[in-house]
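The values are calculated or read from the model by the stated rules, or taken from the named source; none is laboratory data. The model shown is predicted, which means the values in this text are computed figures rather than measured ones. Don't worry about glycine lacking a Cβ; one is built from the backbone with ideal geometry, like all the others, and counts go over all protein chains shown.
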Amino acid sequence: MPLAITTLFFSLFLTISLVPIFSRLAVHIHALDRPSPRKIHTEPMPRMGGLAMALGMLITVSLWIPKDGFVKAFLISSIIIIIFGILDDIVGIGYKGKFLGQVIATVAVISYGRVRIVTMGNLLPANLCLTDWASYVLTLLVIVGVTNAINLSDGLDGLAGGICLLIFSCIGYLAYKAHMPVITLLAVSMVGVIFGFLRFNTYPATIFMGDTGSQLLGFAGIVLAIKLTQESLTIRPVLPLILFGFPVLDTLAVMAQRIADGRSPFKADKNHFHHKLIRLGFFHTEAVFIIYVIQSCLVLTALLFRASSDRLLLLGYALFCIAVIAFFHFTERTGYQIRRYDYIDKVFKGKLRVLKERGVLIRGCFKAVEWGVPGLVLLAAIIPHSIPMHVSIISLPFLAFGIAAISWKHNWLPVSIRVGIYFLLPYLLYLDELNPAQWITPAFMKLFNLYLGLLALFMILTLKFTRRQKGFKLSPMDFLIIFIVLVASALPEQGLKTYHVGMLASKIIVLLFGYEVLVGELRGQLLRLGVLTALFVGIVAVRGFL
C-alpha cells in the first residue's frame with residue numbers, strides 16, 4: 001500500500017511539473033491544435049500534454065515498479081506508441097501512420113509481454129480456449145480498436161482523461177483484489193498521470209494531450225485490462241468490454257454512420273456522442289459531466305458484476321448499446337432540444353451572481369481555508385508516533401528549497417510549496433492512519449475529520465464565488481474526485497478497511513485540493529503560505545532525526 005501511494009503521487013506531481021514545460025515547447029515549435037469546423041475550441045492550443053503524461057508514466061514505472069518480462073514489454077510498446085504519437089502531433093502522419101505504430105506496439109506486447117486473449121469465458125462452449133492463431137488476431141484487433149476508440153473520444157476538454165481515470169482506477173482496484181501487484185502499480189501510475197494532466201485540461205483547457213496522450217491511455221488501458229482478466233480466475237474475460245464500452249460504442253456508431261453516408265470511416269466529423277449532446281443544447285461542461293456519469297455507471301457495473309456470467313455481462317452491454325443508440329436516433333429524428341428554464345437562471349443564478357459580485361460569502365469562506373488548511377497540515381506532521389529517518393533525509397532538500405524561496409526568490413514560492421506538500425503530505429497522512437501517537441484519541445480524530453469536511457465545503461464555496469478569471473476552479477473533474485472517494489470509502493472488503501483507504505484518500509485529496517485553491521486565490525501573495533509550508537517540512541525533518 002505505501003508503494004502504491006508513493007507511485008500515485010510521484011507520477012501526479014511529476015506530470016504537473018512537466019505539463020507547463022511542454023506547453024511552452026509546443027508553442028515554440030508550433031505543435032498546436034488549430035481551430036476547424038469540426039472542432040470545439042476557437043483558439044490554437046498546445047497539444048504536447050501527452051508527452052508530459054508519457055514521461056510521467058515512464059519515469060515513475062522505471063523508478064518504482066519491478067521489471068519483469070511484462071513490464072519491459074509494456075514499456076517498449078508504450079514508447080513505440082509515444083514516438084508515433086509525437087510524430088503525429090508535430091508533423092502529422094495520418095491514420096495510416098498511426099495504425100502502423102499501433103500494430104507494431106501491439107505485436108511487441110503480444111510477443112514479448114504475453115498479453116493475449118486466450119479464453120472468452122462461458123461465451124464459448126465448455127469454456128473452450130482460442131487457438132493460437134485466433135488468439136493472436138483477436139488480441140491485435142481488440143488492442144488497436146480500443147486504442148483508436150480512446151483516441152477518437154478526445155473531443156472535449158477533460159473527456160478522454162476523465163473516462164480513462166475511471167477505467168484505470170477500476171483496473172487498479174481489481175488487480176489489487178486479485179493479488180496482481182505489478183498491474184496494480186501500473187494502473188496507479190496512470191491514475192496519477194491523468195490526475196496531474198487534468199489539472200490543466202478541464203474546461204477551459206490550457207493544453208491538449210494530443211494523439212500522444214490519447215493513444216497511450218487507450219493502449220495502456222486495454223493492455224492492462226486484458227492482462228488482468230485473462231490471468232485472474234475470479235474476473236470475467238468480457239469485463240474489458242464493459243470498462244471501454246462507451247468509447248467503443250461511440251467509435252463503431254460514428255464509423256457506421258460515415259460508411260452509410262458514403263464517406264471514409266476514418267474521415268473526421270462532428271457526429272460523436274459528445275457532439276450530439278452539445279447539439280441537444282447541453283453546455284460543454286454538461287456534456288462532459290453526462291459522459292462521466294455514464295462511464296461511472298459502467299465502472300460500477302464492472303465492480304459489482306466482475307464475477308458474473310460472461311453471457312449476462314454481454315447481454316447487459318447489448319441492452320446498454322441499444323438504449324444509447326435509440327436515444328440519439330430519437331433526438332436527431334425529432335429535432336429534440338433540452339429546455340432551459342429562465343426561472344432557475346434568473347432567480348437562483350441571479351442571486352448567486354449578486355453575492356459573488358459583492359464578495360459577501362467568499363471573505364469568510366476563504367479565511368477558513370487560508371488558515372484551516374495549513375493548520376491541519378501542520379497537525380498532520382505531529383500526529384504520527386514516529387517518522388522514518390529516510391523521510392526526514394528526503395525532506396531536507398525540500399526544506400532548503402523552501403527557505404531559499406522565502407529568503408531570496410519569491411517567484412519560486414509556488415513550486416517550493418507544491419514540492420513540499422505533494423511529496424511529503426500523502427505519506428504523512430498515511431502514517432497518521434497507520435501509527436498515530438498515543439495521545440491521539442478516537443474523539444480527536446473525529447474532530448480532525450469533521451473539520452476536514454467543513455474545509456472541503458468552504459473550498460467549494462470559495463471557488464464558486466471567486467471573481468478570479470484564471471487558475472484553479474471547479475470543473476467536471478471534481479465529480480470524478482468525489483465519485484472515486486465515495487466508491488473507495490464504500491468498498492466492503494476487509495483488506496481495504498484495514499488501511500482506511502477511503503478516509504486516507506479523502507484527506508489527501510481535500511488537503512492537496514486546498515493548497516491548489518490557496519495558491520490560486522492568494523494571487524501571488526504566497527510568502528505566509530510558504531513560511532507555513534516550510535515549517536511543516538522542517539517539523540518532518542526534525543522529528544525523523546529525533
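In the same structural domain as Pro181 (by TED's automatic domain parsing), among the small types (Gly, Ala, Ser), within 15 Å of Thr147 (Cα to Cα) and out of contact with any Gly (no Cβ under 9 Å at 6 or more places or on another chain): is that true of Gly97 in this structure?
Yes; evaluated as a whole, the condition is true for this residue.
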Inset, instruction - Mind listing just one residue for me: the one in the range 274-291 that is among the aromatic types (Phe, Trp, Tyr) and either modelled with pLDDT under 85 or not in a helix (DSSP H, G or I) (or both) and, of those, farthest from the chain's Cα centre (by Cα)? - result: Phe282
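Can you name every residue in the range 225-251 that is without any contact (Cβ under 8 Å) to a residue 60 or more places away in the chain and not β-branched (Val, Ile, Thr)? Steps first, answer last, please.
Start the filter on the range 225-251 by keeping residues that are without any contact (Cβ under 8 Å) to a residue 60 or more places away in the chain, which leaves 225, 228-229, 231-233.
Scanning the range 225-251 gives Ala225, Leu228, Glu231, Ser232, Leu233.
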Inset, instruction - Tell me, yes or no, whether the range 256-273 has at least one residue that is at pLDDT 90 or above, within 27 Å of Ile79 (Cα to Cα), in a loop (DSSP other than H, G, I, E, B) and in contact with a helix residue (DSSP H, G or I) (Cβ under 6 Å, 6 or more places away or on another chain). - result: no
Legend entry - Residues (part of a helix (DSSP H, G or I) and not polar (S, T, N, Q)) located in the range 208-222: Gly210, Asp211, Gly213, Leu216, Leu217, Gly218, Phe219, Ala220, Gly221, Ile222
Legend entry - Failed condition for Met180, given (1) surrounded by 24 or more Cβ atoms within 10 Å (Cβ to Cβ); (2) more than 23 Å from Leu249 (Cα to Cα); (3) among the hydrophobic types (A, V, I, L, M, F, W, C): (1)
Legend entry - Flag if Ser169 is modelled with pLDDT under 90, under 30 Å from Phe22 (Cα atoms) and either out of contact with any Gly (no Cβ under 8 Å at 6 or more places or on another chain) or among the acidic types (Asp, Glu) (or both): no
Inset, instruction - Would you mind stating whether Asp432 is at pLDDT 80 or above and among the acidic types (Asp, Glu)? - result: yes
Inset, instruction - Report the residue count in the range 121-177 for those that are aromatic (Phe, Trp, Tyr) and closer than 23 Å to Thr106 by Cα. - result: 3
Legend entry - Residue list for the range 68-84, restricted to those being touching a Lys or Arg at 6+ places or on another chain (Cβ under 8 Å) and either buried (at least 21 other Cβ atoms within 10 Å of the Cβ) or part of a loop (DSSP other than H, G, I, E, B) (or both): Phe84
Inset, instruction - Would you mind stating whether Ala405 is touching a Leu at 6+ places or on another chain (Cβ under 6 Å) and farther than 18 Å from Leu512 by Cα? - result: yes
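With Ala253, Ala205, Ala225 as the choices, which residue is more than 17 Å from Leu300 (Cβ to Cβ), part of a helix (DSSP H, G or I) and aliphatic (A, V, I, L, M)?
Ala253
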Inset, instruction - Check Leu141, Leu185, Leu156 and return the single one that is free of Cβ contacts under 8 Å to residues at least 12 places away in the same chain, out of contact with any Gly (no Cβ under 6 Å at 6 or more places or on another chain) and of a type outside the set (Val, Ile, Thr). - result: Leu141
Inset, instruction - Taking the residues in the range 177-214 that are of a type in the set (Phe, Trp, Tyr) and out of contact with any Leu (no Cβ under 8 Å at 6 or more places or on another chain) as candidates, determine which candidate is modelled with the lowest pLDDT. - result: Phe200
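Report, by residue number, each residue of the range 389-439 that is outside any helix (DSSP H, G or I) and surrounded by fewer than 16 Cβ atoms within 10 Å (Cβ to Cβ). Spell out the reasoning first.
Our first condition is that a residue be outside any helix (DSSP H, G or I); within the range 389-439, this holds for 408-409, 435-439.
Result: Trp408, Lys409, Asn435, Ala437, Gln438, Trp439.
Matching residues to (1) more than 13 Å from Gln215 (Cα to Cα); (2) of a type in the set (A, V, I, L, M, F, W, C):
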site	(1), (2)
Glu43	yes, no
Met53	no, yes
Gly56	yes, no
Gly101	no, no
Ile104	yes, yes
Pro125	yes, no
Trp133	yes, yes
Legend entry - Tally, over the range 109-137, of residues that are surrounded by fewer than 19 Cβ atoms within 10 Å (Cβ to Cβ), outside any loop (DSSP other than H, G, I, E, B) and on the phi < 0 side of the Ramachandran plot: 13
Inset, instruction - Kindly indicate whether any position in the range 49-65 is under 20 Å from Leu185 (Cα atoms), in a loop (DSSP other than H, G, I, E, B) and either modelled with pLDDT of 80 or more or touching a Phe, Trp or Tyr at 6+ places or on another chain (Cβ under 8 Å) (or both). - result: yes
Inset, instruction - Sort out which residues of the range 298-315 are in contact (Cβ under 8 Å) with a residue 40 or more places away in the chain and in a helix (DSSP H, G or I), and write them in order of number. - result: Leu298, Val299, Leu300, Thr301, Ala302, Leu303, Asp310, Arg311, Leu313, Leu314
Inset, instruction - Report yes if some residue within the range 369-376 is over 16 Å from Asp432 (Cβ atoms), modelled with pLDDT under 90, among the charged types (D, E, K, R) and surrounded by fewer than 12 Cβ atoms within 10 Å (Cβ to Cβ); otherwise report no. - result: no
Legend entry - Single residue of the range 94-108 satisfying the filter (within 21 Å of Arg34 (Cα to Cα) and surrounded by fewer than 18 Cβ atoms within 10 Å (Cβ to Cβ)) that is modelled with the highest pLDDT: Gly97
